[in-house]
1. Would you work out the charge dipole size for the chain about its Cα centre, treating the Cβ of every Lys and Arg as +1 and the Cβ of every Asp and Glu as -1, and quote it to the nearest 20 debye?
2. Could you give the length gained on full extension between Glu138 and Lys95, defined as 0.36 nm per residue of separation minus the Cα-Cα distance, in nm?
3. Which FRET efficiency value, to the nearest 0.05, do you get for Glu57 and Arg147 by plugging their Cβ-Cβ distance into 1/(1 + (r/R0)^6) with R0 = 25 Å?
4. Taking the number of other C-beta atoms within 10 Å as the exposure measure, put Thr123, Thr62 in order starting with the fewest.
5. Taking neighbour Cβ counts within 10 Å as the exposure measure, how do Met1, Met35, Met77, Met148 sort from fewest upward?
6. How large is the Kirkwood hydrodynamic radius of the chain, in angstrom, based on all distinct alpha carbon pairs?
7. Based on other C-beta atoms within 10 Å, arrange Asp180, Asp81, Asp9 from fewest to most.
8. Under 18 Å from a label point 7 Å along Cα→Cβ of Lys48: give me every residue in region 116-134 with its amide N that close.
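The numbers here are math on the coordinates, done by the rules we state, and not lab data. Since the structure is predicted, the reported quantities are computational estimates derived from the model, not experimental observations. Cβ sites come from the backbone with ideal geometry, for glycine too, and all protein chains shown count toward neighbours.
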Amino acid sequence: MKRDINVFDYANEIVKAIGKGVLLNTCADGRFNTMTIGWGSLGIEWNKPVFTVYVRESRFTTQLLRKNKAFTISVPMGEYDRTVLGQAGSLTGWKIDKAKDLAITLEEPAANGVPGIREFPLTIECRVIYKKEQPIKEIGIEGIEQRMYPQDEPDPYAGRNNSPHTEYIGEIVAAYIIED
């Protein structure tokens with residue numbers, strides 16, 4: 001069962017969770033993928049409720065977002081298996097079926113076609129309304145290029161690599177808590 005919510009009533013919990021990690025879910029061509037993200041924001045753009053995520057160009061998630069311009073955010077509530085966040089953030093969907101390998105339960109989506117995850121019940125379904133690659137040279141944080149985009153680490157699956165992020169702004173089309 002899904003209990004519809006006003007996502008802004010949960011803004012404090014969502015923002016706190018982002019700092020610890022939430023799951024970004026995508027799917028296309030019969031493939032589902034989830035990855036841990038620690039960057040994101042909840043807000044209003046163009047008078048619409050939105051959730052913004054940042055994904056490196058080299059990620060499998062990017063390939064799925066290009067094909068299906070939708071994503072779902074799954075936020076933990078209460079007790080949860082923290083190893084799922086670690087593995088979803090370090091294993092690549094290029095090589096494995098994360099839903100199966102992480103033993104997570106996919107929840108039928110309400111509006112955008114991208115499943116949520118039962119074990120991370122606060123669910124935000126989004127439809128991409130804007131995307132833009134972030135030019136690394138334009139980021140105004142001293143030392144960011146070497147810390148986050150070192151050119152001497154080409155491995156696309158490394159935690160740090162030279163691949164830039166793309167910003168995806170998703171209009172929130174459904175928000176709910178998955179309940180038994």
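1. It comes to approximately 340 debye.
2. 12.2 nm
3. 0.90
4. Neighbour counts put them in this order, fewest first: Thr62, Thr123.
5. By the 10 Å Cβ count, ascending, the order reads Met1, Met77, Met148, Met35.
6. 16.5 Å
7. If I rank by nearby Cβ atoms, fewest first, I get Asp180, Asp9, Asp81.
8. Only 124-133 fall inside the zone, counting backbone N under 18 Å.
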